[in-house]
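For reference, the structure discussed in these notes is given below.
The values are calculated or read from the model by the stated rules, or taken from the named source; none is laboratory data. Since we're looking at a predicted model, the values are computed, not measured. Note that we place each Cβ from the backbone using ideal geometry, even for glycine, and neighbour counts take in every protein chain shown. Just so you know, the surface numbers come from the protein's heavy atoms only, side chains and all, with ligands and any DNA or RNA stripped out. Shrake-Rupley method; radii C 1.70, N 1.55, O 1.52, S 1.80 Å.
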Amino acid sequence: MEISFDREVRNLRLGAGDTFHGEGILAITKALLQSGVAYVGGYQGAPVSHLLDVLVQAREYLGELGVHVEACANEASAAAMLGASIHYPVRGAVTWKSIVGTNVAADALSNLASPGVRGGALIIVGEDYGEGASVIQERTHAFAQKSSLLLLDPRPDLAQMVRAVEHGFALSEASGMPAILQLRIRACHVRGSFACSDNVAPAISARHQLDAPAAFDYAKLSHPPVTFAHEKRKVDERIPAARQYIVAHGLNERFAGRRDDIGLIVQGGLYNSVVGALGCLGLCDAFGDGELPMLVLNVTYPLVPEEVRDFCLGKRAVLVVEEGHPPYIEQDVQATLARLDVQTRIRGKDLLPPAGEYTVEVLARGLADFVASDAGEVDIAAGRAWLARLDATRAEVAGRLAGALPPRPPQFCIGCPERPTFAALKLAQQRVGDVHIAGDIGCHSFATFEPFSLGHSILGYGMSLASRAGVSPLMRRRTLAVMGDGGFWHNGLLTGVQSALFNGDDAVLLVFKNGYTSATGTQEIISTPDEAIRAAASDKTQSLVAKNEVIERTLEGLGVRWLRRVDSYAVDTMRRTLEEAFTTDFPGLKVIIAEGECQLERQRRVKPWRAARLKAGKRTVKVKYGVDEDVCSGDHSCIRLSGCPTLTVKAASDPLKVDPVATVLDGCVGCGLCGENAHAATLCPSFYRGETIVNAGVLERIADRLRRAVIGALQPA
Ligand code: SF4
Ligand code: SF4
């Protein structure tokens, strides 16, 4: 990875007397070290990628503390790491993106939660839910309930989040339950400060190793018949112990309000938005002081029945503010009150939307309805007027801009190596006919958007080849599975390749070998060009992925007999290779490896290298493509085949040309796709390749003068 987290790594060394300033997820990272964590693992994914990224770059400092850090192959291997805390009094933390990562980890989590833990086990999940989310919309809460895991959802305030980590470990130890710490996107990126403590070197660690393993203890295995005892222990001992700890340490918070007849029960992570919404309705100030009392659940599972009862007793109505579907907490609160014979009216999803992100506006509407129905005497006229103004503005904007603004889906970076392969796939399908395409998770899923619109399904990370197994037998034409190298190592090798080989499947697999798990933040994997490869490359602009052949060797070792490596920018070669794969007599699995380094990561290497050369007065070449507007016919087929954001249109300067002509903007990184597409699809010859040479050599300068002189002489006077 070419990004440096030097500043963040320095912040990890802060101690008592220092103040940490920064983002929520980095505060959590620091809190792990303050809690004496002995080992950390995880799999990258927004919004928690930074945690692992920073710790991986802080390996030297972690080594001083004795903390082991592991970049795991997937979330299942991260969850399995927590097995260390079953027998040994060591604290461990793992992280991933939820809900998808929790799905992958589910087996290990069940088997961890059954025997329970001795050392604190903390699972930090980025709850990727809401408008900025990139995964299916489900809640982690279900996993906490079904496996009896603690679920912490701290108020988005750095000091509170740090407290949640520290108590999360202690709560896990007090109850024997592993704990999930759930962080919404906004909580990860909320900025603030907290007073630091010194980091704690773990008593048992890579620096202070154990002499012998733990004694055999059958009860620590998740294996019948002891699993029946585990289930009972969860109910009889662990959950009661957790509730006792939650109350004793005041993990859930009560905020007083001026009224005592109505109130709110709020998920901790939603607190800031609720305060914002109440403020817009004129029901509280910027610090949350106002009309409505609140019970803020920093631990959302298990609930403490007595806390819920004490808060609700004497109130006419309480609104449960719980984001997402299904309403686990609302149902839990209702069942608790019914069991305890408390008659308070519980409102929730009847007033707030049943699904979707609870933004300040969404919350304000629900809160306004709650107040109107259950405390009609409260004046919220100013808040209602604000909401009406929002509606009016939205209607006005929609009226004026309807149809004027085209949708802008996310897409490949400029110069991405995956774009040319999809151009080649489009061309190949023109010849062999349309094929069923099993998509996958990764940057290549941008091909599902215009101008490619390719892909029939996405079943999970690394699951494309497996997901076409039921489709292949139904199709006359071969199916295609698309997978990135990130997905290949995460899951695809075993669930897809191994299974297809074992079953003798006749299918085509396209693996994008771009060298990184690019979609999660360009983290390194086993097929990343390593330091030695990078150092050996004299021209840093070159793609380096071809020099690491671990994917090819793995596939050959497993028994893949039809394997092709193609430069992903070589559109015509890729087209021919795809056609061959779809039509060859070879009956088994055919794998095409599209080689081209992630352009984002490549440019992060190229830019400082180029800047250093310019500073040193060395010869530097920059390639850019362009369109000769005199030749451009204006049919824009190049744009339909490429989709590169720097290949766009402009008004023609020729008054006889009515349609806009194609043009290449300054952002072009000279990947070459424009030229390749023009050749492979026999487009008009309007593209040219330009080289800007700075600090040119003597011969180049002489040649330049000569060319200018000749061209000048040929120009009409
Ligand atoms: S991050 Fe890399 S692989 Fe992903 S779209 Fe950008 S250039 Fe392509
Ligand atoms: S050569 Fe074409 S496709 Fe490549 S970066 Fe430039 S404009 Fe985009």
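Structural remarks
- For the range 402-437, a tally of residues being at pLDDT 95 or above, away from ligand 2 (no atom under 16 Å from the Cβ) and open to solvent by 10 Å² or more (accessible area, probe 1.4 Å) returns 7.
- Taking the criterion of being modelled with pLDDT of 95 or more, over 32 Å from the mean Cα position of the chain (by Cα), at negative phi and not basic (Lys, Arg), the residues of the range 238-262 that qualify are Pro240, Ala241, Gln244, Tyr245, Val247, Ala248, His249, Phe255, Ala256, Gly257, Asp261, Ile262.
- Of the residues making up the range 670-689, none is under 25 Å from Arg613 (Cβ atoms) and β-branched (Val, Ile, Thr).
- All positions within the range 409-447 that are under 21 Å from the mean Cα position of the chain (by Cα) and part of a loop (DSSP other than H, G, I, E, B): Pro409, Pro410, Gln411, Phe412, Cys413, Ile414, Cys416, Pro417, Asp440, Ile441, Gly442
- When Ala214, Ala201 are screened for being of a type outside the set (S, T, N, Q), touching a residue at least 40 places away in the same chain (Cβ under 8 Å), more than 21 Å from Pro305 (Cβ to Cβ) and open to solvent by 50 Å² or more (accessible area, probe 1.4 Å), only Ala201 passes.
- Look at (1) within 16 Å of ligand 2 (Cβ to nearest atom); (2) within 23 Å of Ala76 (Cα to Cα) and you find that Phe446 fails only one, number (2).
- Criterion: touching a residue at least 40 places away in the same chain (Cβ under 8 Å) and assigned to a loop (DSSP other than H, G, I, E, B) - qualifying residue of Val482, Val560, Val511, Val497: Val560
- Across the range 583-592, the qualifying residues are those that are open to solvent by less than 70 Å² (accessible area, probe 1.4 Å) and farther than 23 Å from Ser518 by Cβ, and the one among them that is nearest to ligand 2 (Cβ to nearest atom) is Lys590.
- Residue that is over 22 Å from the mean Cα position of the chain (by Cα), of a type outside the set (Asp, Glu), open to solvent by less than 10 Å² (accessible area, probe 1.4 Å) and within 25 Å of Thr528 (Cβ to Cβ), where the choices are Leu52, Leu33, Leu62: Leu62
- Positions within the range 536-549 being under 30 Å from the mean Cα position of the chain (by Cα) and open to solvent by 10 Å² or more (accessible area, probe 1.4 Å), in sequence order: Lys540, Thr541, Gln542, Ser543, Ala546, Lys547, Asn548, Glu549
- Looking across the range 117-175, the residues that are in a loop (DSSP other than H, G, I, E, B) and basic (Lys, Arg) come down to Arg118, Arg139, Arg155.
- Candidates are the residues of the range 416-475 that are among the acidic types (Asp, Glu) and under 26 Å from Val100 (Cα atoms); the one that is nearest to ligand 1 (Cβ to nearest atom) is Glu418.
- Pick from the range 514-530, criterion part of a helix (DSSP H, G or I) and not β-branched (Val, Ile, Thr), ranking: most open to solvent (accessible area, probe 1.4 Å): Ala519
- Every test in (1) more than 16 Å from ligand 1 (Cβ to nearest atom); (2) in contact (Cβ under 8 Å) with a residue 60 or more places away in the chain is passed by Ala652 save one, and that test is (2).
- Lone unmet requirement of (1) in contact with a Phe, Trp or Tyr (Cβ under 6 Å, 6 or more places away or on another chain); (2) over 30 Å from Gly101 (Cβ atoms); (3) modelled with pLDDT under 95 for Gly399: (1)
- Subset of the range 438-459 that is small (Gly, Ala, Ser) and surrounded by fewer than 17 Cβ atoms within 10 Å (Cβ to Cβ) - its residue that is nearest to Pro417 (Cα to Cα): Ser453
- Residue list for the range 328-359, restricted to those being touching a Gly at 6+ places or on another chain (Cβ under 7 Å) and either more than 18 Å from Gly263 (Cα to Cα) or basic (Lys, Arg) (or both): Ala355, Glu357
- Check on Gly690, open to solvent by less than 80 Å² (accessible area, probe 1.4 Å), on the phi > 0 side of the Ramachandran plot and in contact (Cβ under 8 Å) with a residue 40 or more places away in the chain: no
- The lone exception for Arg243 - which of (1) exposed (fewer than 15 other Cβ atoms within 10 Å of the Cβ); (2) within 30 Å of Phe287 (Cα to Cα) it fails: (1)
- If you go through the range 666-687 and keep only what is farther than 16 Å from Val571 by Cα and either within 16 Å of ligand 1 (Cβ to nearest atom) or at pLDDT 95 or above (or both), you end up with Gly667, Cys668, Val669.
- Tabulated pairs, the range 622-646, first within 16 Å of Gly415 (Cα to Cα), second among the basic types (Lys, Arg) and more than 16 Å from ligand 1 (Cβ to nearest atom), C-beta under 6 angstrom, 6+ apart or interchain: Tyr625/Arg689
- Applying the condition of being part of a strand (DSSP E or B) and within 21 Å of the chain's Cα centre (by Cα) to the range 180-210 and asking which residue is farthest from Glu23 (Cα to Cα) yields Ile180.
- Which listed residue is surrounded by 14 or more Cβ atoms within 10 Å (Cβ to Cβ) and farther than 18 Å from Gly492 by Cβ, from Glu552, Glu580: Glu580
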